[in-house]
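S.K.: Below are the structure tokens for one structure; questions will follow.
The values are calculated or read from the model by the stated rules, or taken from the named source; none is laboratory data. Keep in mind that what you see is a predicted model, and the values were worked out from it rather than measured. As a convention, Cβ positions derive from the backbone with ideal geometry for all residues, glycine included, and neighbour counts pool all protein chains shown. SASA here: full protein model, heavy atoms, side chains in, ligands and nucleic acids out. Shrake-Rupley method; radii C 1.70, N 1.55, O 1.52, S 1.80 Å.
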Amino acid sequence: MIESVCILGATGSIGKNTLKVIADHPQRYSVFALSANSDWSGLYDLCLQFKPKYAVVVDLDSASQLKFALSGAGLTQIEVCGGAAALSMIASHDDVDTVMAAIVGAAGLEPNLAAVRAGKKVLLANKESLVLAGSLFMDAVKDHGAVLLPIDSEHNAIFQCLSDGYRCGDSLDVSVDKVLLTASGGPFRGYSAEQLQDVTVEQACNHPNWSMGRKISVDSASLMNKGLELIEACWLFDINPDDIDVHIHPESIVHSMVAYSDGSILAQLGQPDMRTPIAYGLAWPERINAGVERLDLFKVASLNFEKPDDHAFPCLRLAKEAFKRGGSSCAYLNAANEVAVSAFLKGNISFTSIPDIIERVLSQAPLENLTSIQDVLDADAKARQFASRYVVEAVAQFTTL
Ligand code: NAD
Ligand code: MG
């Protein structure tokens, strides 16, 4: 039977890589729905190639432009929808088997949850939804019998190093001693706190090993990506942050590891190419050709591991603290990071203001548990207000420098 796939965030880096894998396996997968935020012309090109049943563009004007362009090309059978609610509609549609959750940021939460609640196979790239609402999200996975497969390369690696019967959300076997989460260290590995003060947007987005969207590239440069991933791992594998050790591994070949009580460490190795975890998620429990170049270990020659520098890169510590504090802390951490990174990408604040803003916002986070999605969305909105205020202060400082 052909598997019917919905791709949320189709025009992004993960979305396009997913479509590359799907295009190589037309006998296994068909594209049912694609979405974008506002890039209607990018979505138009994908519609021409994959001819989905639905194309969703959140921005209404851009949706109208896509509709016009598709009808000009004679593709009136593709139904174009505008607005954020349509994302949840396609993610939970009866004709969909599998949802690739590849929207960036908190905007992914509601459609991802809609997919989970409809009991779909959900390939989770959007780590922010677990950071924001991990407990509610994992409860929904269990309650609705959804199959959750991690696409983030590290979590995909950890999943591959666990026993065959393991499902995300289950407790780990007692024989698991530690999870070893690897991090490339990003473009600023080895920089001192002082050196980080005047790095540019271009430098921050220029990742040494991975080609990714701009937000996650900045997160990788600040090590907040690893912080978000630490929280993501805590939820996916029901593990305590103290049982996760971050290893800086500049080659990005070992994508993460699991240490067992008998002294064994299992690792998953591969090229730094997201098509590998994407293909694994699509085909699980089987494996298919991802179109990725074979890894030549003679060429790699050496694999190195270092401890992270918590002083120059405080984001990892902030994320760990947020998870331990609980309540609204992780939602505040995520929202503050999104607002600060967006201001940095616009050239309005310095790179080192990002952790400063997050730390200030985090200190405002209430400790009561978030018990509904509305609570989460309210916490997210509140944290964005605090963060925007601190950004204004940081802009003033930045422009007077
Ligand atoms: P990207 O910026 O390249 O693409 C983001 C996609 O989301 C685009 O299709 C965009 O149109 C859509 N989008 C953006 N804002 C939206 C909104 N408000 N509403 C609806 N749609 C919106 O991002 P990416 O690098 O592909 O990352 C996607 C997700 O996958 C992120 O959560 C990221 O952390 C995660 N991830 C990415 C990689 C990678 O290699 N790129 C690796 C691991 C995890
Ligand atoms: Mg990752």
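S.K.: Take LEU149 and tell me if it is over 24 Å from GLY326 (Cα atoms), within 16 Å of ligand 1 (Cβ to nearest atom) and either open to solvent by less than 20 Å² (accessible area, probe 1.4 Å) or under 16 Å from the mean Cα position of the chain (by Cα) (or both).
M.R.: Yes.
S.K.: Now for a different question. Tell me the residue from PHE344, PHE398 that is of a type outside the set (A, V, I, L, M) and either open to solvent by less than 10 Å² (accessible area, probe 1.4 Å) or under 19 Å from the mean Cα position of the chain (by Cα) (or both), please.
M.R.: Residue meeting the stated conditions: PHE344.
S.K.: Separate question: Scan region 213-233 residue by residue and report those that are surrounded by fewer than 24 Cβ atoms within 10 Å (Cβ to Cβ) and touching an Asp or Glu at 6+ places or on another chain (Cβ under 9 Å).
M.R.: LYS215
S.K.: Additional query: Within region 158-173, does at least one residue satisfy the condition of being open to solvent by 20 Å² or more (accessible area, probe 1.4 Å), in contact (Cβ under 8 Å) with a residue 12 or more places away in the chain and within 16 Å of ligand 2 (Cβ to nearest atom)?
M.R.: Checked region 158-173: at least one residue is open to solvent by 20 Å² or more (accessible area, probe 1.4 Å), in contact (Cβ under 8 Å) with a residue 12 or more places away in the chain and within 16 Å of ligand 2 (Cβ to nearest atom).
S.K.: Considering only region 27-36, I want to know if a residue exists there that is in contact with a strand residue (DSSP E or B) (Cβ under 9 Å, 6 or more places away or on another chain), near ligand 1 (Cβ under 8 Å from one of its atoms) and not β-branched (Val, Ile, Thr).
M.R.: Checked region 27-36: at least one residue is in contact with a strand residue (DSSP E or B) (Cβ under 9 Å, 6 or more places away or on another chain), near ligand 1 (Cβ under 8 Å from one of its atoms) and not β-branched (Val, Ile, Thr).
S.K.: Among the residues of region 26-45, is any touching a Ser or Thr at 6+ places or on another chain (Cβ under 7 Å) and within 24 Å of TYR280 (Cβ to Cβ)?
M.R.: Checked region 26-45: at least one residue is touching a Ser or Thr at 6+ places or on another chain (Cβ under 7 Å) and within 24 Å of TYR280 (Cβ to Cβ).
S.K.: Further, regarding this structure: If you go through region 21-54, how many residues are more than 22 Å from ILE151 (Cβ to Cβ) and aliphatic (A, V, I, L, M)?
M.R.: 1
S.K.: Of the residues in region 331-373, how many are part of a loop (DSSP other than H, G, I, E, B) and charged (D, E, K, R)?
M.R.: 2
S.K.: Only residues that are over 14 Å from GLU229 (Cβ atoms) and outside any loop (DSSP other than H, G, I, E, B): list them for region 158-188, please.
M.R.: Once the filter is applied, which keeps residues that are over 14 Å from GLU229 (Cβ atoms) and outside any loop (DSSP other than H, G, I, E, B), region 158-188 yields GLN160, CYS161, VAL176, ASP177, LYS178.
S.K.: Would you kindly identify the strands (runs of 3 or more DSSP E) lying entirely within region 74-129 that contain at least 1 residues that are open to solvent by less than 20 Å² (accessible area, probe 1.4 Å) and within 13 Å of ligand 1 (Cβ to nearest atom)?
M.R.: The qualifying strands (runs of 3 or more DSSP E) are 98-101, 121-124.
S.K.: Here's another thing I want to ask about it. Quick check on region 302-334: of everything there that is under 18 Å from ASP243 (Cα atoms) and acidic (Asp, Glu), which residue is surrounded by the most Cβ atoms within 10 Å (Cβ to Cβ)?
M.R.: Filtering first and then ranking leaves GLU321.
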